[in-house]
Amino acid sequence: MSVRTLLVLVALMIVDAAASPAAELGRRSGEAAAVAVGADLAGASLEDAEMPAIDLAAANLVGAGAQGVFATRARLQQSDLSSANLQTAYLLEVNLQGAVLAGANLQEADLSGANLRDADLSGAILQGANLRGAVLTGAILRGALLQGASLAHVSGLTQSQLESACADRTINLQGTGLAYPPHRPCCDEPGGCGE
């Protein structure tokens, strides 16, 4: 493990509630457990890290390895997560408003209740992801791979947004009022929707 990765992990560690009653109070009141606004964590190794309610707004997480990360209610608005590996990440109710997730791997990630308003998900891999109840107003989904994703009860998603992505009849559109998009041949590479 590199010194930089070690420093990143130390900076993101959540203080044990028994050692700091204030930390537990902060979590109960909805305050961020740790703050690293604008941090440069490009390429950081954060696999399986536990970072509930962390505030990483405007952070650079380009190419970060965060597979399996637990970051429920995290604040990542305006962050750059391009090409990050967030496969199987638990991102319940995370704030990703205006974030860049172009080419990110979010396969089988749980983004239920997430705020993805104005987020750039172009070419992102969202196969099997759970976006139930997420806000997708203004989100860019061009070329995103959505096969098997749950979009049940999402808000702000338009038919045009859906048709710009690579989706098929395996997606769950319950409660959206949207129709399955016309079939488009897709490949397994980010941005791989052919015309």
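Read-outs throughout are calculated quantities, based only on the coordinates presented, and are distinct from any laboratory measurement. Here the structure is a predicted model, which is why all the values come from computation and not from measurement. Counting neighbours? That spans all protein chains shown, and the Cβs are built from the backbone with ideal geometry, glycine included.
Annotations
- The label point for T137 and the one for A179, both projected 7 Å from the Cα toward the Cβ, are 2.6 nm apart.
- With K and R counted +1 and D and E -1, the other residues having a Cβ less than 12 Å from that of Y90 yield a net charge of -4.
- Overall form of region 83-129 per C-alpha gyration tensor (a/c, 1.5; a/b vs b/c): oblate
- Three-way shape call for region 36-81 based on the alpha-carbon gyration tensor, with the a/c threshold at 1.5: oblate
- Two-site label geometry, F70 and A42: point separation in nm, points 7 Å out along Cα→Cβ: 3.1
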